[in-house]
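Remarks on the structure that follows.
The values are calculated or read from the model by the stated rules, or taken from the named source; none is laboratory data. Note that the coordinates shown come from a computational prediction; the quantities given were computed from them, not determined experimentally. With ideal geometry, Cβ positions are generated from the backbone for all residues, glycine too; neighbour counts draw on all protein chains shown.
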Amino acid sequence: MLEYYGYLWSTTWPNLVVLLLIWGIVVSRMVLKSVGTWRYTRDAWGFTVLTGKSLIWIMVLGIYTDLLFFSQPDWLSQPSFIQGSVQGKAYDSGSRLYLLDIRNGTEQKQFYIDQNVYERLKLEDQVKLMYLPSRREVVRCELIGSLR
């Protein structure tokens, strides 16, 4: 599991850092406003305005967080696994991605792999993959059997 979330962190850290910065700034400003209102204003109007601003900022934080998880849904999913044989591999020069076709019984799926795995695998190798369920990027590839 650590390997899965480590991979997710390595591919999405800029988005997460920005989200954490937004959360930190908004929450610290809300705390400072609350303390200021409690110390100096202490009237119903001050607390009403503070409540309204807090609700707006909570909605903004919710939208930013939802946007992150909408663009990176693998953070909310468990890793997926498949075991099968390599049926094909290809390099898509347009998108500069390495593709791997795996057959598991009657089911055939396509995954994205890195160059090192692409070069090591041969057709008909038996592999076990851990991958991101939404993006289908391979996190870990174990070679179980080979025809070499």
Which listed residue is closer than 19 Å to Leu8 by Cβ and either modelled with pLDDT of 90 or more or exposed (fewer than 12 other Cβ atoms within 10 Å of the Cβ) (or both), from Leu147, Leu132
Leu132
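Give the residue that is surrounded by the fewest Cβ atoms within 10 Å (Cβ to Cβ), with candidates limited to residues of region 16-62 that are on the phi < 0 side of the Ramachandran plot and among the charged types (D, E, K, R).
Looking only at region 16-62, we keep the residues that are on the phi < 0 side of the Ramachandran plot, and these are 16-41, 43-62.
Checking the rest, the ones that are also among the charged types (D, E, K, R) come to 29, 33, 39, 43, 53.
Working: Arg29: 12, Lys33: 16, Arg39: 8, Asp43: 10, Lys53: 15.
That would be Arg39.
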Picking from Tyr40, Tyr118, the residue that is touching a Gly at 6+ places or on another chain (Cβ under 9 Å) and not hydrophobic (A, V, I, L, M, F, W, C) would be Tyr40
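Among the residues of region 60-73, is any in contact with a strand residue (DSSP E or B) (Cβ under 8 Å, 6 or more places away or on another chain) and either touching a residue at least 60 places away in the same chain (Cβ under 8 Å) or not assigned by TED's automatic domain parsing to the domain that holds Thr11 (or both)? Step through it out loud before you land on a result.
Narrowing region 60-73 to residues in contact with a strand residue (DSSP E or B) (Cβ under 8 Å, 6 or more places away or on another chain): none.
No, that holds for no residue.
Among residues belonging to region 82-129 that are assigned to a strand (DSSP E or B) and among the acidic types (Asp, Glu), point out the one that is surrounded by the most Cβ atoms within 10 Å (Cβ to Cβ). Give the derivation first.
Step one: list which residues in region 82-129 are assigned to a strand (DSSP E or B), which gives 82-92, 97-104, 107-113, 126-129.
Keeping just the survivors that are among the acidic types (Asp, Glu) gives 92, 101, 107.
Numbers: Asp92: 10, Asp101: 16, Glu107: 9.
Among those that are assigned to a strand (DSSP E or B) and among the acidic types (Asp, Glu), it is Asp101.
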